[in-house]
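A.B. asks: Dumping the structure here so I can ask a few things about it.
The values are calculated or read from the model by the stated rules, or taken from the named source; none is laboratory data. This structure is a prediction, so every number in the text was calculated from the model and none was measured. Neighbour counts are summed over all protein chains in view; Cβ atoms, including those assigned to glycine, are modelled from backbone coordinates with ideal geometry. Accessible surface areas use protein heavy atoms only, side chains included; no ligands, DNA or RNA. Shrake-Rupley method; radii C 1.70, N 1.55, O 1.52, S 1.80 Å.
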Amino acid sequence: MIQTIAGPALSSYHWLGIPIAVAGAILLALGTLFQHKAVDEQRPAPGRAAGSMGGGRLQALLGKPAWLVGTAMLGAAILLQLTSLRFSPLIVVQPIGAVALVVTTLATARMTRRSPGRRALTSVALCIAGVGVFVAVAAVSARDVEINDRHLITILILLGAVLAALGTGFGLWRHRWGAVVFTAGAGILFGFVAALAKTVIARLFQGDFEWLSLTCLAGLIIAALFGTFLVQNAHTRGTSELVVAGLTVIDPLVAVTLGIAVLGEADTAPAEAFIAFLLAGATAVAGVLLLATVKKSPASVTAE
């Protein structure tokens, strides 16, 4: 039986999670840009495909200051995201990461001294509109819940299936995967990272942190490491805008789905709210798919 904590989701206490999530989204965008720049400048090792990311290339990236700075920013973004989850329901703060897409698009335009183009701007607008509506609906319908063993076990089983599927796919078809597939895989894993983080934090403050919570923490670390590896591969195949768009839409969609279907954060929401969730999510995904059609090389692309 899910115990729903009484009171509106956005009480004075819950409001604290929103600005923290915004700060984390900004760092996510800047960190992704720094990492993308380092990966883009790195020449592939002889005999290795330009789009692949093996252990040798990862080791070489460790010597690049831009990549290390970007990694540090992403680490700080994760810490801020975890902090925001302490204050607010998962389905409220997680979609706020879409702010990173705006920062990335504007920063890239400034760095390359060219207009993002109508197609890119339309894509960003769709992503932001979809996520914005989602957050607005979630803000008035979400509730914090008490996390029990069933929640943890369900998420762990689902994560195991996802890891098995992505691991098998990477082993068999990684050379055929494009930026969208790598980004989608990373987004799915990071969605699980957010959901697991929410459960672990909740159990800690509930005074019920035991072996099952530790198992969730281990799953969180595995998902985060594999997701980070997939992101590096995505950088070699697509633009920084595409990578950020995918992560800031797919990650929240997965996390929110887990928050609704598994944790029950929207159990008190009316039917209209779920219709709004579906329409808003579809709009955001359409923006990512449109952004995937934008050409990759900034140096050779004129504004569309």
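A.B. asks: What are the residues in the range 134-182 that are charged (D, E, K, R) and surrounded by 15 or more Cβ atoms within 10 Å (Cβ to Cβ), if any?
C.D. replies: Arg143, Asp144, Glu146, Arg174
A.B. asks: Output the residues belonging to the range 117-170 that are under 19 Å from Ala195 (Cβ atoms), part of a helix (DSSP H, G or I) and basic (Lys, Arg).
C.D. replies: Of everything in the range 117-170, just one residue is under 19 Å from Ala195 (Cβ atoms), part of a helix (DSSP H, G or I) and basic (Lys, Arg), namely Arg150.
A.B. asks: Then there's this: Among the residues of the range 250-269, write down those that are hydroxyl-bearing (Ser, Thr, Tyr) and under 22 Å from Cys127 (Cβ atoms).
C.D. replies: Thr257
A.B. asks: Would a scan of the range 99-116 turn up a residue that is over 24 Å from Leu30 (Cβ atoms), surrounded by fewer than 23 Cβ atoms within 10 Å (Cβ to Cβ) and of a type in the set (D, E, K, R)?
C.D. replies: For the range 99-116, residues over 24 Å from Leu30 (Cβ atoms), surrounded by fewer than 23 Cβ atoms within 10 Å (Cβ to Cβ) and of a type in the set (D, E, K, R): absent.
A.B. asks: Hey, can you tell me all the residues within the range 278-304 that are in a helix (DSSP H, G or I) and at pLDDT below 85?
C.D. replies: Of everything in the range 278-304, those that are in a helix (DSSP H, G or I) and at pLDDT below 85 turn out to be Gly281, Ala284, Val285, Ala286, Gly287, Val288, Leu289, Leu290, Leu291.
A.B. asks: A further question follows. Every residue in the range 67-116 that is in contact (Cβ under 8 Å) with a residue 12 or more places away in the chain and outside any helix (DSSP H, G or I), please.
C.D. replies: Ser88, Pro89, Arg114, Ser115, Pro116
A.B. asks: Tell me yes or no: at least one residue of the range 132-150 is in contact (Cβ under 8 Å) with a residue 60 or more places away in the chain, within 20 Å of Leu74 (Cβ to Cβ) and not basic (Lys, Arg).
C.D. replies: no
A.B. asks: Right, another one. Out of the range 205-259, which residues are in contact (Cβ under 8 Å) with a residue 24 or more places away in the chain, open to solvent by 20 Å² or more (accessible area, probe 1.4 Å), over 14 Å from the mean Cα position of the chain (by Cα) and within 17 Å of Gly160 (Cα to Cα)?
C.D. replies: Listed by number, the residues that qualify are Thr215, Ile222.
A.B. asks: State yes or no: is Ile188 of a type outside the set (S, T, N, Q), open to solvent by 70 Å² or more (accessible area, probe 1.4 Å) and modelled with pLDDT of 90 or more?
C.D. replies: no
A.B. asks: Further, regarding this structure: If you take the residues in the range 268-277 that are assigned to a helix (DSSP H, G or I) and of a type in the set (A, V, I, L, M, F, W, C), which one is most open to solvent (accessible area, probe 1.4 Å)?
C.D. replies: Step by step, filter the range 268-277, then rank; the result is Ile275.
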